[in-house]
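Worksheet: the structure to be examined is printed underneath.
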Amino acid sequence: MLQMRPNCECCDRDLPASSPDARICSFECTFCRQCADDKLHGKCPNCAGPLRARPARAESLLGNYPASTERILKTGGCA
């Protein structure tokens, strides 16, 4: 099950579990669409893997399978 992190690691933008703007790599590093496209050019700065659209979690499942509340932010953002 995906951790569904709640924010972009670059700009700290909120990314709810249902957000179509969340992008992740295979390690679940999480970024918003704007940072993934414009700053990172589709490549994770942590593992160099490709960033893909994160699947949304159905609202009906969030009660039993909540998204993470742990916010991860890269010091200094993403250059």
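Observations on the structure shown:
- E28 paired with R71, simple spin-label distance in nm, labels 7 Å along Cα-to-beta-carbon: 1.9 nm
- 5 angstrom amide H check on G49, placed H, neighbours 5+ away: C44
- Karplus-derived 3J(HN,Hα) values for segment 8-17, using 6.51 cos²θ - 1.76 cosθ + 1.60 with θ = phi - 60°, are 7, 5, 8, 10, 6, 4, 5, 10, x, 4 Hz; glycine and proline are entered as x.
- Built amide H within the under 5 Å cut-off of T30, gap 5+: E9
- In a reduced charge model with +1 at each Lys and Arg Cβ and -1 at each Asp and Glu Cβ, the chain shows a dipole moment near 160 debye about its Cα centre.
- Heavy-atom surface of the chain, accessible at 1.4 Å and reported per residue (Å²): 60 Å²
- Highest average packing first - 10-17, 37-44, Cβ atoms within 10 Å: 10-17, 37-44
- Heavy-atom surface analysis with a 1.4 Å probe gives the chain a carbon and sulfur content of 52 percent of its accessible area.
The values are calculated or read from the model by the stated rules, or taken from the named source; none is laboratory data. Note that the structure is predicted; figures quoted are calculated from it, not measured. So basically every Cβ, Gly included, is an ideal-geometry build from the backbone, and we count neighbours across all protein chains shown. For the accessible areas, the whole protein counts, side chains as well, though only heavy atoms, and no ligand, DNA or RNA atoms are used. Shrake-Rupley method; radii C 1.70, N 1.55, O 1.52, S 1.80 Å.
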